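A.B. asks: I'd like to ask you about the structure that follows.
Every number in this text was worked out from the coordinates using simple rules, so none of it is lab data. Quick caveat, the model's predicted, so the values are computed rather than measured. Using ideal geometry, Cβ is built from the backbone for each residue, glycine included, and neighbour counts are taken over all protein chains shown.
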Amino acid sequence: MDRVVLLFCSLLSCGIIINIMFQFLDERCGRIYQSRSLYRCTTAVSILLLTGVNCLDHFIFNFIAHLLVFVLVSLFLYYDERKGIARIAEAVVLYIVIAVLETLGVFLLLYLLEAMGQLPDSAAILQSMVTAFSKVILLFLYYIVFRRLWRKLPARSGTQYVLYLVLFVYSAVNVLTLAFISGSENPVILMLMTGCIVFANLYMLYFIKVSDERNDYKLQVDMMRQQERMQYENYEARSRQYTEMLRILHDVDKHMKMVDELYRQNHIEDAVSYAGQIRSRMKELVPLSYTNNTILNCLLSDKTRQAEQAGIRLEISASMVDINFMKPVDITTIFGNLMDNAMAAAYKCEQDRYVRLSVEPQYDMLLIRITNSTTEKIVIKNGRMPENKKGTGIRNIERCVSSYDGSETWQCADGVFACDIILNRIESQS
């Protein structure tokens, strides 16, 4: 029966390794063929083939067989823009990493068993424990650590890491309990416990992976919706200005005749007052000139009027800076979110409501600094905004800033909130 247990452990081990290989390739490359059945059959054949080689208990054959499967699958079933040699090297590195992680799990298990004085005499029990524990180590390190090296994933919270730790400790304890099974072990129970431990961890980690990806996609959708909302609000503001301008232009002849009539009747003060009223209405429709970019001028003009209505002192220093290297949507996203957040925070202050915006060129960079009064006390370390304080607007800002190889620094102290942004002038962005 020992051979049955060893065969089951080999099958389980190869199944986990092949599963990780296909997940890695799916994330890094594109599938050449559309048939899911082809990839499922390839997965099954690879598992059975490697299981057979693994049962020979020959290290060199086992190593070569795994490398061949990794390389052949990568070359003939997946594609990307890189050359073949780069993908071959990547497949080799992937298998080496998997082998190192498995070896780490084996050594750690043997160390714990010797420290506990519970090293089992049965080869079947030991092999079951080695398979389960090494695969638990492999799965945790792959999903929690190594996937983040080649794929940009959202930051995890402390609660998630606690969940990972609890799941790992629970699995490790289950594996170690195999050492206390009696010498007349039941092979069915061994295989059942080993399989349940490994597949439970695989399922949970895969579930967490899918959940993280779902949250990431949801965040991206929220960011796009927020960006669309800002663009729509900007469009509505332009539409209202256009409608008002048409209304004034429609009556401009009547206004001019009225002013002429007042002058002819020598009502100079009334004529000046009437002209002033028309000029005031026209002034609201003409955006203030802060920079050489019309979009930013319109946006800042709208924010200036909103600040006046909210009783917020708005100070803008732009020095007619050139920002035409930026995409229009990025201008709206960065400056719109900065101004909205700053004005919302300043409005909560009972006294001294203010927002200061400075936009300055420096060499091939653009420096943006915004400060505002605030009643909030946010603990910011190393200039990074805490994850639990990041709303959709801030995440949109970070995404736009990164597209210009830029950086942002946040500060909050003594009732003042500040954000400093540096953007590189990448002319191809325009």
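A.B. asks: Consider just the alpha-carbon atoms of the range 276-430 and return their Rg together with their Dmax, both in angstrom.
C.D. replies: 15.8, 52
A.B. asks: Moving on to the next point. Go ahead and run the numbers for FRET between Val379 and Val4, Cβ-Cβ distance against an R0 of 45 Å, rounding to 0.05.
C.D. replies: Result of the calculation: an efficiency of 0.20.
A.B. asks: Would you kindly derive the ³J(HN,Hα) couplings of the range 135-140 from the backbone phi angles with the Karplus curve 6.51 cos²θ - 1.76 cosθ + 1.60 (θ = phi - 60°), listing them in order in whole Hz, with x for Gly and Pro?
C.D. replies: So the Karplus estimates, Gly and Pro as x, are 6, 4, 4, 4, 5, 5 Hz.
A.B. asks: Compute the FRET efficiency between Met116 and Cys55 as 1/(1 + (r/R0)^6), taking r as their Cβ-Cβ distance and R0 = 35 Å, and round to the nearest 0.05.
C.D. replies: E(calc), rounded to 0.05, equals 0.75.
A.B. asks: To the nearest 20 debye, what is the magnitude of the charge dipole of the range 2-223 about its Cα centre, counting +1 on the Cβ of each Lys and Arg and -1 on the Cβ of each Asp and Glu?
C.D. replies: So the magnitude is around 760 debye.
A.B. asks: OK, next. Quickly work out the Lys327-to-Ala99 label distance, labels modelled 7 Å from Cα along the C-beta direction, and quote it in nm with one decimal.
C.D. replies: 4.4 nm
A.B. asks: I would also like to ask the following. Once fully extended, how much extra length lies between Val221 and Phe207, figured as 0.36 nm per residue of separation less the alpha-carbon to alpha-carbon distance?
C.D. replies: Between Val221 and Phe207, full extension yields an extra 3.0 nm.
A.B. asks: Can I ask one more? Measuring from label point to label point, each 7 Å out along Cα→Cβ, what is the Asp352 to Thr177 span in nm?
C.D. replies: About 6.3 nm, to one decimal.
A.B. asks: Would you work out which of Phe133, Ile60, Leu149 lies farthest towards the positive end of the dipole of the range 2-223? Charges go on Cβ: Lys and Arg +1, Asp and Glu -1.
C.D. replies: Positive-end residue among those listed: Leu149.
A.B. asks: Can you work out the Karplus-derived ³J(HN,Hα) for every residue in the range 406-413? Use 6.51 cos²θ - 1.76 cosθ + 1.60 with θ = phi - 60°, whole Hz, and x for glycine or proline.
C.D. replies: Those phi angles translate into x, 8, 10, 10, 10, 9, 8, 6 Hz.
A.B. asks: Pull out the extension gain between Asp364 and Leu77, defined as 0.36 nm times the separation in residues minus the alpha carbon to alpha carbon distance; nm, one decimal.
C.D. replies: Here the segment from Asp364 to Leu77 would lengthen by 98.9 nm.
A.B. asks: Stretched out fully, how many nm does the piece from Asn292 to Val92 gain, at 0.36 nm a residue minus the Cα gap?
C.D. replies: 66.7 nm
A.B. asks: In debye to the nearest 20, how big a dipole does the range 1-97 give about its Cα centre with +1 on each Lys and Arg Cβ and -1 on each Asp and Glu Cβ?
C.D. replies: 240 debye
A.B. asks: Also, I was wondering about something else. Which shape class applies to the range 2-223: rounded if a/c is under 1.5, otherwise prolate when a/b exceeds b/c and oblate if not, where a ≥ b ≥ c are the square roots of the Cα gyration tensor eigenvalues?
C.D. replies: oblate
A.B. asks: Given a Förster distance of 30 Å, report the FRET efficiency between Arg36 and Ile85 from their Cβ-Cβ distance, rounded to the nearest 0.05.
C.D. replies: FRET efficiency, Arg36 to Ile85: 0.55.
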